[in-house]
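Undergrad: Before we start, here is the structure in question, set down as structure tokens.
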């Protein structure tokens, strides 16, 4: 073992610790979400318990005002959060990467116009843009919320993509590819995207966390998926009035939300350290 | 024709003084105490015809301003600034004699001109009073002398005295009453610190019985939890209206506090659009009324508080009868009715749900209940503003949830153009005839009949009546428990020494 390897070893352990913790937290949520598709402890809309029953063997996290099982609703909440996170990031990535790449390849004028538009969009908070999109649609639904958040996230993705692509386009291997007769779309697919992907993927993980929080906020405000979809944000909103008498109603969905977002962020941290060798060893 | 029973009035006063005599003699309360009232409803301004919100009624009605008649906490209408009155035989001319010796806080005496001015303020083009429409039958106000007001009407209006209880008598020389006041009530406006507190000081030249306290301070909170904490830390003496049963746990069973459970006039309502299928079918409406376990719903929202109602009329309205037995909870019966109506496999509808508590949770309850009879409910969450535009104005909905706060508002069912579109000619006629009734007994009989008809028709699904919960420190007594129309008379509040 060389001296260099020895100094790297403890750092590597830190890196994999955050990656492992993140993977475990996110994995747990994925498992619960998958499980909720085939098995739930109670009927999610069944009013099976008493009003605000405390946690018990029958109801692990107690019941809400209508006597519905909290744990069941939190399990469904996991599924909704993951759906929204994946859906919003997918839409944000599709729009954002396309726009960003286009801007990087475009003429000076078009590029400037796109860059200015993106800057303006980014000046508005993600949540505000999402609220505007939801308000513009007739009825609130899970689909609308995903679309709204996807559109809101796309500006951030597009701006990052544009800068990354521009940096890659200056590289010698791009010039080499052009010289060897590769058409522009071939350059994008085989040379540009593979080289911007590591950084982008880390960013997607962070956007995922952002989308989950934003969806909870939308649902808290009544703009997310309509009831009875058990979004964590709506559970928090409904528990607001009973936070003193039945605190579990606010604590349980709060914990679920925090654990998923921390998990995703840890995962993103770990991924970044792998993707970006210059920052190996943490901040 | 005199509508006042002088002897009954005298008897009531005598009885009252007998009942209160021992208290007064013992003087076990502090006559100069400051009563601190905690509330969530800060008025936007001080004028109830200028869109000031319910907070101004709570602070000023009966305390700073008085009217010709007063709506008591029990829901009856009694003369206040009127000494006596009579109506012509055709019921189109009312003559009011004002109480002598009444002065405004500015020192001006109360005259007939002030009354005319005050009524015209409410009916004026620019007035934002919610009672404007109910006074629209007034065609003329004359003032033959300083103590007499003659009102002429275009049609008989038995509720004129009741409607006049909403008209504050303001000095006609008063200016800028959105920020100051000039009324005849037992308190004058003290300091008003916008955003935090409004103080009322005892008016020593008050014409009637002096208040049992020296000063009242309404303290305003924007958050119910902060308000509850204020009572717990002795920063306020009384909370005017508690909006959730879950904050009561900290006061119940604690000898330092009194929790009173009165009857409000706020009704939680599942309003069908009676114009559109399938809700134009009375069997469908009755079926869904029977498919609703209202007892369970009330318990979910209000715990052990609140009242079940079988129609739109609360117990404090004179035409109340218990109609909870008309469509009792019965799932099998509901299914049978739906089959009779031609929906053996149920149907699907959209429930427009205002986005604030308790409507979303009520909507989810109904969704789960109606699934049991095969009816699928799609919940559509909307804002209060959307509700007003889409439902109240455009009538573009299938079913909606709303809380109706007004007292004596069964008359809405006599208006086929109202948002819910209920149109039963018998009810329309009964409600119109009740207004032109020649006696109160006749009016009550007709409205009771209308009340029974709307219940039989299941015109809407009346889910429950909100409780009116007032919590106070145990040493504070004498506050109103029903708080009709958000009134909160402070002059009888006593604080033990």
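Please treat every number below as a calculation from the coordinates, not as lab data. These numbers were taken from a predicted model, which means no experiment stands behind them. Cβ coordinates were reconstructed from backbone atoms using ideal geometry, including for glycine residues, and neighbour counts include every protein chain displayed.
Undergrad: What ranking do B:394-406, B:340-352 get when scored by the average of other Cβ atoms within 10 Å per residue, highest first?
TA: Values: B:394-406: 17.8, B:340-352: 15.8.
Going from most to least packed, we get B:394-406, B:340-352.
Undergrad: Determine, for each peptide in B:454-465, A:175-186, A:118-129, A:243-254, the mean count of other beta carbons within 10 angstrom over its residues, then list the peptides with the highest first. Display every interim value, and only then the final one.
TA: Working: B:454-465: 23.3, A:175-186: 11.4, A:118-129: 15.0, A:243-254: 18.9.
Sorting B:454-465, A:175-186, A:118-129, A:243-254 by mean packing, highest first, produces B:454-465, A:243-254, A:118-129, A:175-186.
Undergrad: Based on the Cβ-Cβ distance of residue B:232 and residue A:255, what FRET efficiency does E = 1/(1 + (r/R0)^6) give at R0 = 41 Å, to the nearest 0.05?
TA: Details: r = 28 Å, r/R0 = 0.69.
Computed FRET efficiency for residue B:232 and residue A:255: 0.90.
Undergrad: Taking 7 Å along the Cα-to-C-beta vector as the label spot, tell me the residue B:92-residue B:143 distance in nanometres, rounded to one decimal.
TA: My value for the distance between the label points is 2.5 nm.
Undergrad: Within segment A:157-179, whose backbone N sits under 15 Å from a point 7 Å along Cα→Cβ of residue A:190?
TA: Backbone N within reach: A:173-179.
Undergrad: What is the average number of partner chain Cβ atoms found within 10 Å of a Cβ in A:223-229? Please list the in-between numbers first.
TA: Values: counts 3, 1, 1, 8, 9, 6, 1.
Other-chain Cβ atoms within 10 Å of each residue's Cβ, averaged: 4.
Undergrad: Which whole number gives the average count of other chain Cβ atoms within 10 Å of the Cβ atoms across peptide A:64-74?
TA: Working: counts 3, 12, 10, 5, 4, 0, 0, 0, 0, 0, 0.
Counting Cβ atoms of other protein chains within 10 Å of each residue's Cβ and averaging gives 3.
Undergrad: Order of A:23-31, B:269-277 by packing, highest average Cβ count within 10 Å first?
TA: Packing proxy ranking, top to bottom: B:269-277, A:23-31.
Undergrad: So, one more: Taking 0.36 nm per intervening residue step and subtracting the Cα-Cα distance, what contour gain separates residue B:136 from residue B:222 on full extension? Display every interim value, and only then the final one.
TA: Numbers: separation 86, 0.36 × 86 = 30.96 nm, distance 3.60 nm.
The span from residue B:136 to residue B:222 would gain 27.4 nm if fully extended.
Undergrad: Counting other C-beta atoms within 10 Å, which of A:78, B:127, B:84 has the fewest, and how do the rest follow?
TA: Placing the least packed residue first, the sequence is B:84, B:127, A:78.
Undergrad: Work out how much length residue B:393 to residue B:308 would gain on full extension: take 0.36 nm times their residue separation and subtract the Cα-Cα distance, in nm to one decimal.
TA: Details: separation 85, 0.36 × 85 = 30.60 nm, distance 2.90 nm.
Once the chain is fully extended between residue B:393 and residue B:308, it gains 27.7 nm.
Undergrad: Let me ask something additional. Mind putting together the pair-distance distribution for segment B:250-377? All Cα pairs, 10 Å bins, whole percent per bin, short to long.
TA: Spelled out per bin, shortest first, that is 11, 37, 33, 13, 5, 1.
Undergrad: Provide a whole-number value for the mean count of partner chain Cβ atoms within 10 Å of the Cβ atoms in peptide A:234-241. Intermediate results must be reported in sequence, preceding the final value.
TA: Details: counts 3, 0, 0, 4, 5, 0, 4, 11.
Per residue, the number of nearby Cβ atoms from other chains is 3 on average.
Undergrad: I've got another one for you. How long are the semi-axes of the equivalent ellipsoid of chain B, defined as square roots of 5 times the Cα gyration tensor eigenvalues? Whole Å, largest first.
TA: Numbers: eigenvalues 314, 168, 83 Å².
Rounded to whole Å, the semi-axes are 40, 29, 20.
Undergrad: Separate question: In the protein assembly as shown, what % of DSSP beta bridges are antiparallel (nearest 5)? Can you show the working numbers first?
TA: On the way: 54 of 72 bridges.
Antiparallel bridges: around 75 percent, rounded to the nearest 5.
Undergrad: Do you know the relative contact order of chain B, to the nearest whole percent, from alpha carbon pairs under 8 angstrom that are 6+ apart?
TA: Working: 1021 pairs, mean separation 103.3, N = 497.
21 percent.
Undergrad: Alpha carbons only, please: Rg and Dmax for the protein assembly as shown, in angstrom.
TA: Final numbers for Rg and Dmax: 32.9, 115 Å.
Undergrad: Between residue A:275 and residue A:120, how high is the FRET efficiency from 1/(1 + (r/R0)^6) when r is the Cβ-Cβ distance and R₀ = 25 Å? Nearest 0.05.
TA: Working: r = 30 Å, r/R0 = 1.18.
After rounding, the FRET efficiency stands at 0.25.
Undergrad: May I have the convex hull volume per residue, in Å³, for the Cα set of segment A:71-203? Present the calculation step by step, with values, prior to reporting the outcome.
TA: Details: hull volume 16.3 nm³, N = 133.
Output value, Cα hull per residue: 123 Å³.
Undergrad: What is the spin-label model distance, in nm, from residue B:295 to residue A:94 if the labels are put 7 Å beyond Cα along the C-beta direction?
TA: 5.3 nm
Undergrad: Given C-alpha coordinates of chain A, what is the ratio Rg to Rh with the Kirkwood estimate of Rh?
TA: Numbers: Rg = 22.3 Å, Rh = 21.0 Å.
Dividing the radius of gyration by the Kirkwood radius yields 1.07.
Undergrad: Then there is this: Based only on Cα atoms, what mean projected area does the convex hull of segment B:22-124 have, in nm²?
TA: Orientation-averaged projected area of the Cα hull: 10.2 nm².
Undergrad: Let me ask something else. Residues of segment B:108-127 with backbone nitrogen within less than 16 Å of a virtual label 7 Å along the Cα-to-Cβ line of residue B:406, please, listed as ranges.
TA: Answer for this model: B:123.
Undergrad: Right, next: Report the FRET efficiency, 1/(1 + (r/R0)^6), for residue A:24 and residue B:30, where r is their Cβ-Cβ distance and R0 is 41 Å, rounded to 0.05. Each step should come with its number before you reach the end.
TA: Details: r = 65 Å, r/R0 = 1.58.
After rounding to 0.05, the efficiency reads 0.05.
Undergrad: Counting helices only, and only those DSSP H runs with n ≥ 4, report the 222 nm mean residue ellipticity of the protein assembly as shown as the sum of -39,500 (n - 2.57) divided by its residues, in deg cm²/dmol to the nearest 500.
TA: Numbers: 21 runs with 326 residues, N = 780.
Helix contribution divided over all residues of the protein assembly as shown: -14000 deg cm²/dmol.
Undergrad: Let me ask you something else. Take every DSSP beta bridge whose two residues both sit in chain B, then give the antiparallel share in percent to the nearest 5.
TA: Values: 53 of 71 bridges.
Antiparallel bridges make up about 75 percent of those DSSP assigns within chain B.
Undergrad: From Cα pairs below 8 angstrom and at least 6 apart in sequence, can you work out the relative contact order of segment B:363-441, rounded to a whole percent? It would help to have the intermediate numbers written out before the result.
TA: On the way: 42 pairs, mean separation 13.8, N = 79.
RCO, segment B:363-441: 17 percent.
Undergrad: Output the relative contact order of chain A, whole-number percent, from Cα pairs under 8 angstrom with separation of 6+ residues.
TA: About 26 percent, as a whole number.
Undergrad: With a cut-off of 15 Å, note down the residues of segment B:465-497 whose backbone N falls inside the zone around a label point 7 Å from the Cα of residue B:259 toward its beta carbon.
TA: Under cut-off, by backbone N: B:467-474.
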